[in-house]
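Bear in mind these aren't lab numbers, they're just calculated from the coordinates by the rules spelled out. Note that the structure is predicted; figures quoted are calculated from it, not measured. FYI the Cβ positions are ideal-geometry reconstructions off the backbone, even for glycines, and counts take in every protein chain you see.
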Amino acid sequence: MSTPMTGWYSCVCERGPGIANFLALVRTVAAEKLPGDFVFVATAGHEIGHDGMELFLKQGAPPPRDTLVWVHFGASNASNACYAWTAGPQGFTREDKVDVALRSIVLSPSAAPLVGETFAAIEARRLIAEKQAVGELRDVHAAGYRNFFGMAGLHRFFHTPADDVRTTSPEILEPVARAFTEAVRKAAERGERAFR
């Protein structure tokens with residue numbers, strides 16, 4: 001079964017890492033039977049004012065009082081796991097490392113200890129939502145969800161036809177997927193104690 005996806009061109013690294021992380025988390029929750037109720041949703045419309053997220057927040061999301069944590073892979077999850085590139089006389093050459101220049105982890109102040117523990121090996125700016133919420137997590141924060149984290153960012157070929165299969169790989173995605181999974185696992189096991 002195929003589903004429509006919004007984005008510019010093939011948007012492999014813009015959308016791919018977030019979708020892969022989402023699916024890995026779904027599989028982990030199901031396989032490990034983590035405690036709690038989980039709601040998984042993929043929204044569209046990021047490019048036109050976060051319409052999908054806005055609709056879900058108004059009509060489908062569990063209320064903040066019933067939500068332990070909101071985990072967001074981002075519509076612009078481009079810097080989850082995208083390669084860095086170097087410009088040269090013959091064009092761009094892919095480096096054997098992640099592009100961290102514009103990679104951010106966006107989080108609520110209460111999620112800082114959990115994110116610090118589980119994302120310690122992930123190089124990224126930490127944007128505390130009280131001051132720097134971006135993207136759809138800004139909407140989540142404004143709707144009153146107290147505990148949340150996710151990733152956001154850009155990469156070299158963001159919104160260009162060159163955002164193709166060369167821009168990411170399972171090798172650079174795996175550490176990020178493991179960090180998300182471990183954070184959700186610890187939140188499910190610890191409950192409110194995971195957030196301070």
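Relative to the dominant Cα principal axis of the chain, helix 170-190 is inclined by about 10°.
Candidate values [x] 55, 37, 33; [y] 47, 33, 32; [z] 120, 45, 33 were compared with Cα extents along the principal axes in Å computed on the shown model; the agreeing label is [x]. Only beta bridges with both residues in the stretch 96-178 are counted; by DSSP, about 55 percent of them are antiparallel. Amide H contacts under 5 Å for Leu102: Leu154, restricted to partners 5 or more places along the chain or on a different chain, H placed in the peptide plane at 1.01 Å from N. Projected label points at His159 and Lys186, each 7 Å from Cα along the beta carbon direction, are separated by 3.5 nanometres. Here is the short version for the chain: Cys11 have no other Cys C-beta closer than 4.7 Å. Inter-label distance, Arg27 to Arg138: 3.4 nm, where each label sits 7 Å from its Cα along the C-beta direction.
Determine the percent antiparallel among the DSSP beta bridges restricted to the stretch 12-194, to the nearest 5. Around 55 percent antiparallel, to the nearest 5. Round to the nearest 10 and give me the degree value, 0 to 90, for the angle of helix 12-32's Cα axis relative to the longest principal axis of the chain. Here the helix axis deviates by roughly 40 degrees.
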